[in-house]
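Engineer: One structure, as structure tokens, below. Some questions next.
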Amino acid sequence: MTRRISTRALLLGATCSLALPLAATPARADYITGDIVVSESVYQDTGEASGLTVGQPITVNGQSQGTATASGTFPLVFINGAAGSNPDANFGISAPLTLLQENPTTGHVDASQTLPTSLIVTSFSSKSEGSLHLSTNGHDLTIGGYHVTDSSDPVGALDVSNSQTTAASGAVGAPRTDNRTIADINAEGQVTTTDINAYSGDNMRGALLANGTYYAVGNAGAGQSGVEAVLPGTPAPGPANNSTQIGQFSVTQLGDKADKAVKDNNFRGETIFDNTLYVTKGSGSNGINTVYQVGATGALAHGNNLSASASINVLPGFPTALAKNGPDFTPFGLWFANSSTLYVADEGTGDATDIATNSGIEKWSLSGGTWKQDYTLRGSLINSTYSVPGFSETCGSSICDTITTAGIRDLTGTVNSNGTVTLYGVTGTTDDLPNMDNGADPNEIVDITDQLASLTLPNDENFGVLDGPVLGTVFRGVSLAPVPEPASMALLGVAFAGIAVVRRRRAR
């Protein structure tokens, strides 16, 4: 099916920034209740990336990480992690994070807010980063990233997703040191950030605010991984860890032989429903790719928080086979429609098994204490292909520029008064560019409506495309917009900066 390039215009608006462990920007705009918020990153050939020269060493802080196969020009810059005789296995380039506020009914982009790059950036091609989470009280959005401090320009910095944190400096062997950070954005657009010392040597994926505590998820080369609890504003300028690991899953709980505990807890997605924390694991060859519950049911009720000794267990009915030989299951985002209906975004791998069974948005129902998969929403979206002008490379006598929608990554939704739910997702992709990092593929924001009570797949359900694809842009997270705290209601009326742009919705 033919796709058209989005006509979305560039949105205006700048934020102030302060380089502090806990930093804030002045309020810049009000979020509109009922809109969705999308996180995006736009590639910039600047900083260290602009100095890449074919055949020359890829150098980070004076240390060679490989030999450049391509310059900093998008998209071929992202073959540097795989192509050539000496690729940089940890290749990545930092980029800004921008939050787009979109009206899902009219297709307008109401405003954008670029987060201060002096405080937080993302690794552009790291597809598991940038997820958005609405706090349990509905007043704040949170997103994870990196506080780049050892480069003259935080944008265009190389290999930040493999950097050490200050707590692990000298222990991992990465050439750069950048703490992970959590950005908190309230309904008035005010941004605060908290640096954390977890996830050294790898990437944090997201954070969710509940009862005054951030619950973060991510991976680590060594040390603190999995679910981490962080108090907002706790400084992390030195060697001390300022987060607490919550629980630790081991495959031995299910009778399997022990492997790498850090990788068993390589969590990516998370949500809190009915005062209970749930996380997903969907990548890596260690552990079990499935959906987990963290702590007891309702453990976060009455303002309580999870303890370090909280248990982590596979939700009954979800896959329990080892990732190395188990089902083709790659869960990411989670959204509960109610206590017995759970939608799971499966980003897919692009292989035939995935496409036939899991890729898309899975619907699960709880019956008798066990979850059962009812069906998977795919429509004509999953395994469909499209091209984006400028995203191509000459492959012999042909042009390679085909991107394939492999599944869905981040996910949120709303329950409607007519017995339906509307789901909003971020697509996962594969491509046919040789040695390309598919995390850099231009992807899309999509939606679909489902009958909440249905246990069988309706014949007429299909996805619509809200945004994308846009050359040099990747979408990462999607959330409902935050609402003001009661004390802030009187301050509403500040004009929402930005340009409203009409989307041309398409059936998929």
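Every read-out reported here was derived from the displayed coordinates using simple, explicitly stated rules and does not represent laboratory data. Owing to the predicted nature of the structure, the values given are computational and were not obtained by experimental measurement. Methodologically, a virtual Cβ is constructed for each residue, glycine included, from the backbone with ideal geometry; neighbour enumeration extends over all protein chains shown.
Engineer: For the chain, what is the relative contact order in percent, using Cα pairs closer than 8 Å and at least 6 residues apart in sequence?
Structural biologist: 17 percent
Engineer: Can you tell me, using C-alpha contacts under 8 Å and at least 6 residues apart, the relative contact order of segment 331-377 as a whole percent?
Structural biologist: 30 percent
Engineer: By how many nm would the segment from S250 to S339 grow when fully extended, if each residue of separation counts as 0.36 nm and the alpha-carbon distance is taken off?
Structural biologist: Details: separation 89, 0.36 × 89 = 32.04 nm, distance 2.67 nm.
Taking 0.36 nm per residue and subtracting the Cα distance, the gain is 29.4 nm.
Engineer: Rounded to the nearest 20 Debye, what is the dipole magnitude of the chain about its Cα centre when Lys and Arg each give +1 and Asp and Glu each give -1 at the C-beta?
Structural biologist: 320 debye
Engineer: Follow-up. So, R0 is 45 Å and r is the distance between the beta-carbons of Q56 and T456; what FRET efficiency does that work out to, to 0.05?
Structural biologist: 0.20
Engineer: Can you give the Rg to Rh ratio for the chain, taking only C-alpha atoms and Rh from Kirkwood?
Structural biologist: 0.94
Engineer: What trypsin sites (Lys or Arg not before Pro) in segment 215-318 are in a loop by DSSP, with at most 16 other Cβ atoms within 10 Å of the Cβ?
Structural biologist: Taking segment 215-318 and a limit of 16 other Cβ atoms within 10 Å, the loop trypsin sites (Lys or Arg not before Pro) found are K257, K260.
Engineer: Could you work out [θ]222 nm for the chain from helices alone, using -39500 (n - 2.57) per DSSP H run of at least four and dividing by all its residues? Round to the nearest 500 deg cm²/dmol.
Structural biologist: Theoretical 222 nm ellipticity from helices: -500 deg cm²/dmol.
Engineer: In whole angstrom, note down how far apart the Cα centers of segment 145-206 and segment 237-260 are.
Structural biologist: 20 Å
Engineer: Let me ask something else about it. For the chain, what number of Lys pairs, 8 or more residues apart or on separate chains, have alpha-carbon atoms under 18 Å from each other?
Structural biologist: Close lysine pairs found across the chain: 10.
Engineer: Which residues does a label at K324 reach in segment 225-262, if reach means a backbone N under 19 Å from a point 7 Å past the Cα toward the Cβ?
Structural biologist: 249-262
Engineer: Separate question: Taking 0.36 nm per residue of separation and subtracting the Cα-Cα distance, what length does fully extending N418 through D351 add?
Structural biologist: 20.5 nm
Engineer: Mind grabbing the base-10 log of I(q)/I(0) for segment 96-222 at q = 0.12, 0.13, 0.15, 0.16 Å⁻¹? Debye formula, identical points on the C-alpha positions, no solvent, two decimal places.
Structural biologist: Summing over Cα pairs of segment 96-222 leads to -0.45, -0.52, -0.67, -0.76.
Engineer: Related question: Once you have the Cα-Cα distance between A301 and N137, take 0.36 nm times their residue separation minus that, and quote the gain in nm to one decimal.
Structural biologist: Using 0.36 nm per residue and subtracting the Cα-Cα distance, I get 57.8 nm.
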